[in-house]
Amino acid sequence: AGGAEAECRQTAIRLAARGVTVEILTTCLLDMAHDWNTEYHQAGVTEEDGLTVRRFRPEPVIEPTFSQLNQRLLAGEVLSPIAQDWLYASFVNSFELYRWLAAHADDYVRVCFIPYLFATSVHGSRCCGANSVLIPCLHDEGYARLPAVRALFERVGRIIFHTASEQALA
């Protein structure tokens, strides 16, 4: 639905067309525009556009908490460390996905996270070590200045920027 999602899809399809084995790890949710507490896809493994897609059940999004904190952050407010923890705890998460990554990260040559701001990137990258790659799609916004995001940038093995200005912002 968004630019980062389209970028991810096209990159995966193009890599597969060049003979690279690609597996998509994602949740059962549809996209950012639809209810984050309604699973659209079935959990499990499917083939889509020649790619293996492994979907994981999400945790319930704590909508009032997330919405309030997200609005404060987007309005330019600096969130306390506790508020930042609550923001990422109440965002889209998947403990099934994190357990999979913890058990299987070494099975992959690289595990890419796109974009930077989602809890699945922030928390999922903790499971992957040096073979993790961040494709941030970074914007000048409140999320970019969160300590959890700074830790994400410092934790991943590699970062792929789309532009020099994105790299300069980072």
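The values are calculated or read from the model by the stated rules, or taken from the named source; none is laboratory data. Treat the numbers as computed from the prediction; the structure is a model and nothing was measured. Backbone-built Cβ (ideal geometry, glycine too); neighbour counts: all protein chains shown. Heads up: the accessible areas ignore ligands, DNA and RNA and are worked out on the full protein's heavy atoms, side chains in. Shrake-Rupley method; radii C 1.70, N 1.55, O 1.52, S 1.80 Å.
Exactly one of (1) modelled with pLDDT under 95; (2) in contact with a helix residue (DSSP H, G or I) (Cβ under 7 Å, 6 or more places away or on another chain); (3) open to solvent by 50 Å² or more (accessible area, probe 1.4 Å); (4) not in a loop (DSSP other than H, G, I, E, B) is unmet by residue 102. Its number?
(1)
Would you call residue 161 of a type in the set (A, V, I, L, M, F, W, C), in a loop (DSSP other than H, G, I, E, B) and at pLDDT 95 or above? Please lay out each step first, then the result.
Numbers: of a type in the set (A, V, I, L, M, F, W, C): yes; in a loop (DSSP other than H, G, I, E, B): yes; at pLDDT 95 or above: yes.
Judged against the criteria, residue 161 is a match.
Given the criteria hydrophobic (A, V, I, L, M, F, W, C) and touching a residue at least 40 places away in the same chain (Cβ under 8 Å), does residue 118 qualify?
Working: hydrophobic (A, V, I, L, M, F, W, C): yes; touching a residue at least 40 places away in the same chain (Cβ under 8 Å): no.
Answer is no for this residue.
Looking only at residues in region 12-52 that are β-branched (Val, Ile, Thr) and within 15 Å of the chain's Cα centre (by Cα), which one is surrounded by the most Cβ atoms within 10 Å (Cβ to Cβ)?
Ranking the candidates gives 27 first.
Checking residue 46 against (1) under 29 Å from residue 131 (Cα atoms); (2) of a type in the set (Val, Ile, Thr); (3) without any contact (Cβ under 8 Å) to a residue 24 or more places away in the chain; (4) in a loop (DSSP other than H, G, I, E, B), which single condition isn't satisfied?
Just one mismatch for residue 46, condition (4).
Residues checked against (1) modelled with pLDDT under 95; (2) within 19 Å of residue 90 (Cβ to Cβ):
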position	(1), (2)
9	yes, no
38	yes, yes
49	yes, no
54	no, no
65	yes, yes
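Which of the residues spanning region 137-153 are under 19 Å from residue 98 (Cα atoms) and either open to solvent by 30 Å² or more (accessible area, probe 1.4 Å) or assigned to a loop (DSSP other than H, G, I, E, B) (or both)?
The first filter runs over region 137-153 and keeps only residues under 19 Å from residue 98 (Cα atoms), leaving 148-149, 151-153.
Within region 137-153, 151, 153 meet the criteria.
From (1) open to solvent by less than 30 Å² (accessible area, probe 1.4 Å); (2) within 24 Å of residue 28 (Cβ to Cβ), pick out the condition that doesn't hold for residue 117.
With respect to (1) open to solvent by less than 30 Å² (accessible area, probe 1.4 Å); (2) within 24 Å of residue 28 (Cβ to Cβ), residue 117 is out only on (1).
Quick one: how many residues across region 55-88 are in contact (Cβ under 8 Å) with a residue 60 or more places away in the chain, part of a loop (DSSP other than H, G, I, E, B) and open to solvent by less than 20 Å² (accessible area, probe 1.4 Å)?
So the answer is 1.
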